[in-house]
Amino acid sequence: MTLRTAVRTILHPHTATEDLGPPPRPDPGARRLAGSLQVRHVDAGSCNGCELEITSAFGPVYDAERFGARLVASPRHADALVVTGPVTRNMAGPLAKTYDAMPEPRMVVAVGDCARDCGVFRGGYGVEGAVAEVVPVDVAVAGCPPHPEAITKALRGLTGR
């Protein structure tokens, strides 16, 4: 690579993100968020398949941040709670406390079949239930695990972008 090519590559990088089409119809609560969504992720007892897909959704290919969604470390800074997995007995209390720590208005996104209806973990001795049985769910993303495009589409619906 010549110096000229290297400088051109640095000044004009090639963007390798997926084209996800026009924005979906925004959720009614998205108007309150003004296009910016701070997301706190909680694993309530999953197999980590959904976590890999969430990582991909926020990675360089799908890049959910370009649509205004950003992961944050504290529920006190979050607008939305992204929950994966069925809620185990040990996580029911911490999930409810995390939800209560979030400022209003707050939204909950259940990601994956396990979060929606316990999936393959239904009836397990350590399973409390689906996410909707512990905290109110605003958006549910289907799939085991859901595709990063589906996760990004759900977040775009919340940001309105």
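Taken together, the values in this text are just the output of simple stated rules run on the coordinates, not laboratory data. Small disclaimer: the values here were computed from a predicted structure and weren't measured. Every residue, glycine among them, receives a Cβ derived from its backbone with ideal geometry; neighbour counts consider all protein chains shown.
Under 5 Å from the amide H of G129 lie the amide H atoms of V87, each residue being 5 or more positions distant or on a separate chain, with H modelled from the backbone and absent for Pro and chain starts. Taking each DSSP H run with n ≥ 4 as -39500 (n - 2.57) and averaging over every residue of the chain yields -8000 deg cm²/dmol at 222 nm. Charge tally around V87: other residues with Cβ under 9 Å, Lys/Arg +1 each, Asp/Glu -1 each, net -1.
Below 8 Å between Cα atoms, with a sequence gap of 6+, how large is the relative contact order for segment 110-161 in percent? Working shown, then result.
Values: 49 pairs, mean separation 21.5, N = 52.
Relative contact order of segment 110-161: 41 percent.
When the P(r) of segment 76-139 is calculated, the portion above 15 Å amounts to 44% of the C-alpha pairs. Given an 8 Å cut-off on Cα distances and at least 6 residues of separation, report the relative contact order of segment 64-119 as a percent. Reported relative contact order: 45 percent.
Solvent-free Debye calculation, one equal scatterer per alpha-carbon of segment 25-159: log10 I(q)/I(0) at 0.11, 0.15, 0.17 Å⁻¹ equals -0.33, -0.63, -0.82. Take every Cα pair under 8 Å whose residues are at least 6 apart in sequence, average their separation, divide by the length of the chain, and the relative contact order is 31 percent.
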